[in-house]
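The values are calculated or read from the model by the stated rules, or taken from the named source; none is laboratory data. The shown structure was predicted, so the numbers you read here are calculated from the model rather than taken from an experiment. As a convention, Cβ positions derive from the backbone with ideal geometry for all residues, glycine included, and neighbour counts pool all protein chains shown.
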Amino acid sequence: MPELRNWVLECLRQPQRAADFSDADWDLLIRQARHSNLLARLDWLFQQHPAVQPPIWAERHLEAARRVSDRQQIAVRYEIGQIVRAMRPLQQPVILLKGAAYVATGLAPYHGRMFSDIDIMVPKPVLERAEQRMLLAGWMSAHHDAYDQKYYRTWMHELPPLRHRRRGTVVDMHHTILPETARLKPDAARLIAAAVPVEGLEQVFVLAPLDMILHSATHLFHDGELENGLRDLVDLDALLRHFATDDGFWPRLQARAEEMDLQRPLYYALRYCRELLQTPVPESALAATSPHQPRFAALMDMLFQRALRPDHVSCNDAFTGLARWLLYVRSHHLRMPLHLLLPHLVRKAIKRRRESTPLGGHPLEKKAAD
Amino acid sequence: MNIATYSRERLGQYMATDGVRFRTGPFVVDLRSTLPAVVEGIHQMYGEYPLIESDHADFYLHLKQPAGIRHWWRPQVCFALDGHEPFKPLPLSQAFPMFEWALNWCVASHMHCYLIIHAAVVERDGCVAVLPAPPGSGKSTLCAGLISRGWRLFSDELALISLKDRRVIPLPRPVGLKNNSIDIMRAYAPQAVIGPNYTDTRKGTVAHMKAPTTSIRRADESGRAAWIVFPKYTAGAEARLTPRDPGQTALYLAQNAFNYSVLGRAGFETLTAVVDGCRCYDFEYSQLDDAIEIFAALELPYA
């Protein structure tokens, strides 16, 4: 079997290695980075290492990614302003999550980050009124299907995505960080109570540093389908490196995970950050999470090792497809009990099949996002 | 070495296995396909494009039939960019048009080092005419007419404008003719190579006219934008060139650029500088010969 060349991981760890890259190496790096949404992030890293001089054709791809990322960050700032304006009459806190939080506060992961949507959280009692405010300000529910609406509203931790009717930007409005039906039950009220105000924006908050890390870990390992797995791990790595210098950081992180019932996601986060991105996680912190390792740790290792690679053919082996599929099933299994899950997956599969018939419009019609 | 070095069979073998790697304008394309219609189309339309023995390609394209029942029943074709399929499949008979659309999409949605405007582009003596216009306005027909009478083809779909020096970059590829204009061009340019008609596409019937040899050979010579002309075919109309407001022109181009919103300030500055340096016109016509005459007499915007 040929040796796995994961140049994205290699360059995330040691950007200066690209200084010795051949054309073939650059070619592979750019293809892998594009498929993991990390091209602009790598571009930013290379900017910090002047010894790295990409060939002209590679620079074109890096420049393009840089421009998209720069533009997205401007758009995210603008959208935050619009959301704040829409919600102001409620006089309730709006909490920015993930990418939007990094951009609003200039936190480490924001350099070269790509966005697909904006995540916000509001207290559950306010959710309905908050949605009304958003609808008044021009956002519309992106899922019209009655089943989808019910699925989100009954079981999920967020509303169906809201898409702005003119700008097309998508906002995911959460009221907690995991589905109501999930087994882990972090208490959203405590997250909101600890949230930190964003300077210069009234009623706008981000999660407290420890919660931000725990949410990022939870989202990556217990919620999503890992389509942006490595990108999310890069976020986590940047957050951990940034906050690790705070006094008593590691024990406090541990204690907060315990309070919030999120030790398992923290275990995964520390393990894979250290193993893949060489995040300086102290032994003591790893040891403290080890009681929370899963029962089938070796199997989970086999799955995550694969799913956290760039989604590119060069990083796939015979088990990659199976690993991604098992994690997909797992993500749903974690979300809801089996008697809810099975009918849901069947419905989704049928719907996908129906949607694959092309309709009118541009000769090349985009696939549905879900 | 260019693609025509290979026989149709050899080309098919390469495309089925390693893929064929060729240059078009500033980009290297790596194309794989076992579909005979794609091999045939490449052989006919891309024979003069240089084969590239490089360790990189800008776009890795693969056209193939989807697995499952649709492989046999009402067969389809789908396109993968480096292993990912961004679009729904099309009927198998449209495999070659799909390659052309897909490659345009690849350039327009990735190459943000250029301002990319939806327009046909032709050149003469280093001066470039940009022909933006909505579909159905006769833009491709006019473009095909001009390049069969001495103008050099840059592109019939994508105006690439460098953000660094504002030069227009050629991306010579087959010209996509639609519906009536196919027969018009078969008659008007009998020397041109025009491929088979693909019927019932979502743009109606489509055929491709091969890019002229000199356009392909001089694909690395950029030009300076001199004219922005909005063509409009009107049956029976007298050919007429009327000056057009530059501000309006800039607004229209911004709306019809693929990546104006991505580029922000750089896009605005490039666009306004280009429009500033051009003469802008509306152009109504019904006869290609009149159009050729009027374009030959276009005045330069600069001394």
Worksheet item: Taking the condition among the acidic types (Asp, Glu) and more than 10 Å from chain A (Cβ to nearest Cβ), does B:GLU53 pass?
Response: yes
Discussion item. Conditions first: (1) over 16 Å from the mean Cα position of the chain (by Cα); (2) at pLDDT 95 or above. A:ARG41 passes all but one, so which condition is the exception?
Written reply: (1)
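Select from segment B:167-193 the residues that are β-branched (Val, Ile, Thr), surrounded by 16 or more Cβ atoms within 10 Å (Cβ to Cβ) and within 18 Å of the chain's Cα centre (by Cα) and list them in ascending order.
Narrowing segment B:167-193 to residues β-branched (Val, Ile, Thr): B:168-169, B:175, B:182, B:184, B:193.
Cutting the leftovers down to surrounded by 16 or more Cβ atoms within 10 Å (Cβ to Cβ) gives us B:168-169, B:175, B:182, B:184.
The answer is B:VAL168, B:ILE169, B:VAL175, B:ILE182.
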Item to complete: Among residues belonging to segment B:211-267 that are of a type in the set (Lys, Arg) and in a strand (DSSP E or B), point out the one that is farthest from B:ALA291 (Cα to Cα).
Response: B:ARG224
Fill in: Single unsatisfied condition, A:ILE120 versus (1) buried (at least 18 other Cβ atoms within 10 Å of the Cβ); (2) farther than 15 Å from A:LEU191 by Cβ
(2)
Item to complete: Identify, from the list B:GLY47, B:GLY68, the residue that is small (Gly, Ala, Ser), over 14 Å from B:LEU103 (Cβ atoms) and out of contact with any strand residue (DSSP E or B) (no Cβ under 9 Å at 6 or more places or on another chain).
Response: B:GLY68
Discussion item. Just to be sure I understand, how many residues within segment B:15-24 are outside any strand (DSSP E or B) and surrounded by 19 or more Cβ atoms within 10 Å (Cβ to Cβ)?
Written reply: 1
Worksheet, complete the sentence: Residue set B:LEU90, B:LEU61; condition crowded, with 18+ Cβ neighbours inside 10 Å and more than 12 Å from every other protein chain (Cβ to nearest Cβ); output residue B:LEU61
Worksheet item: Of the residues that sit in segment A:64-86 and are within 14 Å of chain B (Cβ to nearest Cβ), more than 20 Å from the chain's Cα centre (by Cα) and surrounded by 17 or more Cβ atoms within 10 Å (Cβ to Cβ), which one is nearest to A:TYR110 (Cα to Cα)?
Response: A:ARG67
Fill in: Unique residue being closer than 30 Å to B:ILE161 by Cβ, free of Cβ contacts under 8 Å to residues at least 24 places away in the same chain, aromatic (Phe, Trp, Tyr) and not assigned by TED's automatic domain parsing to the domain that holds B:GLU157 when the list is B:PHE27, B:PHE59, B:PHE87, B:PHE22
B:PHE87
Worksheet item: So which helices (runs of 4 or more DSSP H) stay within segment A:12-124 end to end and still have 3 or more residues that are over 24 Å from A:LEU308 (Cβ atoms) and among the charged types (D, E, K, R)?
Response: A:56-87
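Residue-wise test of (1) aliphatic (A, V, I, L, M); (2) more than 29 Å from B:ASN256 (Cα to Cα); (3) modelled with pLDDT of 95 or more; (4) part of a loop (DSSP other than H, G, I, E, B).
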site: B:LEU31; (1), (2), (3), (4): yes, no, yes, no
site: B:ALA57; (1), (2), (3), (4): yes, no, yes, yes
site: B:HIS62; (1), (2), (3), (4): no, no, yes, no
site: B:TRP73; (1), (2), (3), (4): no, yes, no, yes
site: B:SER93; (1), (2), (3), (4): no, yes, no, no
site: B:VAL107; (1), (2), (3), (4): yes, no, yes, no
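Can you spot a residue in segment A:326-349 that is free of Cβ contacts under 8 Å to residues at least 40 places away in the same chain, out of contact with any strand residue (DSSP E or B) (no Cβ under 7 Å at 6 or more places or on another chain), closer than 25 Å to A:ALA194 by Cα and not in a loop (DSSP other than H, G, I, E, B)?
Here is the first cut: in segment A:326-349, the residues free of Cβ contacts under 8 Å to residues at least 40 places away in the same chain are A:326, A:329-330, A:332-333, A:338-339, A:341-343, A:345-346, A:348-349.
When the remaining residues are screened for being out of contact with any strand residue (DSSP E or B) (no Cβ under 7 Å at 6 or more places or on another chain), the result is A:326, A:329-330, A:332-333, A:338-339, A:341-343, A:345-346, A:348-349.
Checking which are closer than 25 Å to A:ALA194 by Cα leaves us with none.
No, the conditions are met nowhere in segment A:326-349.
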Worksheet item: What are the pairs, 6+ residues apart or on separate chains, where a residue within segment A:139-151 that is within 18 Å of A:PRO179 (Cβ to Cβ) has its Cβ under 6 Å from a residue that is assigned to a strand (DSSP E or B) and not aromatic (Phe, Trp, Tyr)?
Response: none
